[in-house]
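Following: one structure in structure tokens, then a few remarks.
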Amino acid sequence: MTNRSSPVDLAAWCAYAAIAVALPTALWRLPLAMGATLGTPDAWREQQDIPGGGTWYLLVLSAMQLVAIGCMLLLAVEPKQVTPRWLPARLNRVVPAAVGGAGLAGALVLALLVTMSIIAWDKVDPFAGTAYDAWAWLCAVCYLLAALWPPLLGVASIVYIRRHRAEPSAG
């Protein structure tokens, strides 16, 4: 394996790993939005207005998260695969810079959100103040995995930017 392909492999690996750690929380929320209790306390669901207005919050949050997860796939592909053919050759560097820059910005926002969630875990955790059962542990694992999302996305973005900054533009 050449040195040149290694960073692309690292960027793709980190992007796929970030997808894998980000999916569980989005998927955890969807059954709640569809009426499954997943063992969450009645008082918490009532406080969150589930079912009700809180259901829309769960759906929108999961949809936004799934879109962000889908966007991470761009870090796992070569820019030529997503660059419009009509784009002038001198602008070909814009696509990798935009993809990598968006990934870095997303990693910073996610790091802030994860930090805030950790600080306020008793408000984030639907099972706070109750005995932990299997549902509570499943929820906790989903959210603990999500804490790996920002660093994985950050590494994937940095490697992606560095790899494509070094490439000469075609044309």
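So which of 54, 35 is of a type outside the set (Val, Ile, Thr) and either at positive phi or touching a residue at least 24 places away in the same chain (Cβ under 8 Å) (or both)?
Being of a type outside the set (Val, Ile, Thr) and either at positive phi or touching a residue at least 24 places away in the same chain (Cβ under 8 Å) (or both) holds for just one of 54, 35, which is 35.
Filter region 1-50 down to residues that are at pLDDT 90 or above, farther than 30 Å from residue 77 by Cβ and among the β-branched types (Val, Ile, Thr), then give me how many there are.
2
Tell me whether region 6-24 contains one or more residues that are more than 17 Å from the chain's Cα centre (by Cα), free of Cβ contacts under 8 Å to residues at least 40 places away in the same chain and under 24 Å from residue 149 (Cα atoms).
Yes, region 6-24 contains at least one residue that is more than 17 Å from the chain's Cα centre (by Cα), free of Cβ contacts under 8 Å to residues at least 40 places away in the same chain and under 24 Å from residue 149 (Cα atoms).
Return only the number of the condition from (1) β-branched (Val, Ile, Thr); (2) in contact with a Cys (Cβ under 6 Å, 6 or more places away or on another chain); (3) farther than 18 Å from residue 141 by Cα that residue 50 does not satisfy.
Going through (1) β-branched (Val, Ile, Thr); (2) in contact with a Cys (Cβ under 6 Å, 6 or more places away or on another chain); (3) farther than 18 Å from residue 141 by Cα one by one, residue 50 breaks only (2).
Identify the single condition in (1) touching a residue at least 40 places away in the same chain (Cβ under 8 Å); (2) touching a helix residue (DSSP H, G or I) at 6+ places or on another chain (Cβ under 9 Å); (3) more than 26 Å from residue 38 (Cβ to Cβ) that residue 90 does not satisfy, given that it satisfies every other one.
Residue 90 satisfies all of (1) touching a residue at least 40 places away in the same chain (Cβ under 8 Å); (2) touching a helix residue (DSSP H, G or I) at 6+ places or on another chain (Cβ under 9 Å); (3) more than 26 Å from residue 38 (Cβ to Cβ) except (2).
Please state which one of 124, 95 is over 30 Å from residue 79 (Cβ atoms), in contact with a Ser or Thr (Cβ under 6 Å, 6 or more places away or on another chain), among the hydrophobic types (A, V, I, L, M, F, W, C) and surrounded by 12 or more Cβ atoms within 10 Å (Cβ to Cβ).
Only one candidate qualifies: 124.
For region 19-54, how many residues are loosely packed, with under 15 Cβ neighbours inside 10 Å and part of a helix (DSSP H, G or I)?
Residues in region 19-54 being loosely packed, with under 15 Cβ neighbours inside 10 Å and part of a helix (DSSP H, G or I): 9 in total.
Filter region 55-68 down to the residues that are within 17 Å of residue 124 (Cβ to Cβ) and surrounded by 15 or more Cβ atoms within 10 Å (Cβ to Cβ), then identify the one that is nearest to the chain's Cα centre (by Cα).
65
Residues of region 47-68 being out of contact with any Phe, Trp or Tyr (no Cβ under 9 Å at 6 or more places or on another chain) and β-branched (Val, Ile, Thr), which ones?
Once the filter is applied, which keeps residues that are out of contact with any Phe, Trp or Tyr (no Cβ under 9 Å at 6 or more places or on another chain) and β-branched (Val, Ile, Thr), region 47-68 yields 55, 60, 67.
Taking the condition of being touching a residue at least 40 places away in the same chain (Cβ under 8 Å) and farther than 18 Å from residue 162 by Cα, how many residues in region 63-87 meet it?
4
Identify all residues within region 71-82 that are at pLDDT 75 or above and β-branched (Val, Ile, Thr); write none if there are none.
Passing the criteria: only 77.
Only one residue in 147, 111, 89 is farther than 22 Å from residue 48 by Cβ and surrounded by 12 or more Cβ atoms within 10 Å (Cβ to Cβ). Which one?
Of 147, 111, 89, the one residue that is farther than 22 Å from residue 48 by Cβ and surrounded by 12 or more Cβ atoms within 10 Å (Cβ to Cβ) is 111.
Out of the residues in region 127-144 that are at negative phi and among the small types (Gly, Ala, Ser), which is surrounded by the fewest Cβ atoms within 10 Å (Cβ to Cβ)?
Step by step, filter region 127-144, then rank; the result is 131.
The values are calculated or read from the model by the stated rules, or taken from the named source; none is laboratory data. Everything quoted here is computed from the prediction, not taken from an experiment. Positions of Cβ are backbone-derived with ideal geometry, glycine not excepted, and every protein chain shown enters the neighbour counts.
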